[in-house]
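Input: a single structure, listed below in structure tokens.
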Amino acid sequence: MVDIKGTKLRYPISDKYHQYISELLYAPLKYHENSILICPPLYGRDHLVLQMWEKIQDRKKVLGEDFDKYRFAHINLVASATNPESVWFDQIEHALCISKGKISLFEEFEENVRFLLSDKLELVLFVNIPETLSNETFAKFLALAQKIYYIFPSKIHFLLIFDMKWNEDDFFKLTTPFRSLFQNTKLLPLFPDKTILYFINYYEHTWNLRLQNKVKEYIVEQSGGIMLLAKSVLRIARNERVNKLEELQLTISTHPDHKLQMNFFISRLTQRQQNIVKKISNLENVRDEEINHLERMGIVIKSSTSWRLRSMFLQNYLTDRKGTMSRKLKLIKDTKIFSEREKLILLKMVQHKETIIKRETIAEIIWSQQSFEKYSDWAIDQTISRIRKKLQKDPLLSGLIIQTHKKFGFCLK
């Protein structure tokens, strides 16, 4: 459970997390590869990226004895409306301490870089790509980076740290022509719950969404550390103008954007990992040794009796509805969190899924033969509310959503 009220609007980056990012970013240098690290948008981002850059001890741990053969430089990329390349030349040369006056031609820049390479050093350009940089300008920088790289391919390395854009498809379309340059592209897909909550708070404030606390809690718990899915839900909440939990649950369950992001995340897994994840989602038996690597990645966690996916969005999406319905019925019968009457109501809804169960039918389950005398809409609503809350607490049943049909009944989706 995440403490919604007690979480301040700040980005928690621990030393351990710094080291993890450094490993992803610097390790490719051992294989003479360039890399792009795609991070979530950060509040006060420039300061934090620079702080990460200044942690030289992390670089030394990753590179070991090879550390001394590199010359590192950090630039925070800026755009110029008139001549961005000239500005970038100045930035890079200033960072490398080889500036010989203002230049605007690539040939002059190339000459200065070749002069530095004569010292038998390898250059590492750590480039912070700000979120505000337009797609067009970013594409220009990638083209320039490719030209610089080909001056001396084994001696110049680019390490780019890049904000996740709202649409990852745009980013990968932009970088596709430069795949031969950036052989190592890494997403940071899994995050602690507090980081996901920070992200939600930041964009709730930026977009004036005014989300209820239970909606935030739902997004954090259901995303399971996958930033792509949290972003998708926020985007849907903004575009579809929904801020109530029940409305949001029903909207995202069939929304194409949410499906697109889940497919994108799944595509980043190996075929073997995909097969294991699908088995777990459908409550099939999987040997512990098969999923140790997925546990280390934080994609799966172990409940009291079995494995499950950390992200319930993903688990519900991958579930084979027909094949697991009998298992859902068994889970409801065996669980101890529901009262006997609540179980009977829920079993009735599961057995008649996507069919409206009338209020009178629920009244008969609650009060039996006295349903006519004791009938109360308020009592029925309270019973359904308790069932909803208990469903959300059980990871294996949280995908069951009860939809209200006002003054008529309820339907399980």
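Computed quantities for the displayed model
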| read-out | value |
| --- | --- |
| Amide proton proximity set for residue 160, modelled H, under 5 Å, gap of 5+ | 35, 36, 37, 127 |
| Distance between modelled label sites at residue 155 and residue 60, nm, 7 Å Cα→Cβ extension | 2.7 nm |
| Efficiency of FRET between residue 352 and residue 33 - r from beta-carbon atoms, R0 60 angstrom, step 0.05 | 0.60 |
| Inter-label distance, nm, simple model (7 Å from Cα along the C-beta direction), residue 250/residue 293 | 4.3 nm |
| Peptides ranked, highest mean first, by Cβ atoms within 10 Å: ranges 350-357, 88-95, 70-77 | 88-95, 70-77, 350-357 |
| J(HN,Hα) series, segment 359-367, from Karplus relation 6.51 cos²θ - 1.76 cosθ + 1.60, nearest Hz, glycine and proline x | 4, 4, 5, 5, 4, 5, 5, 6, 10 |
| Spatial separation of Cα centroids for segment 201-252 and segment 332-383, in angstrom | 30 Å |
| Violating pairs (Cα-Cα greater than 23 angstrom) within the set 173/244; 389/413; 348/374; 140/173 | 173/244 |
| FRET efficiency estimate (nearest 0.05) - Cβ-Cβ, residue 212 to residue 361, R0 25 angstrom | 0.25 |
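Read-outs throughout are calculated quantities, based only on the coordinates presented, and are distinct from any laboratory measurement. Because the structure is predicted, anything quoted here is derived from the model rather than measured. Note that we place each Cβ from the backbone using ideal geometry, even for glycine, and neighbour counts take in every protein chain shown.
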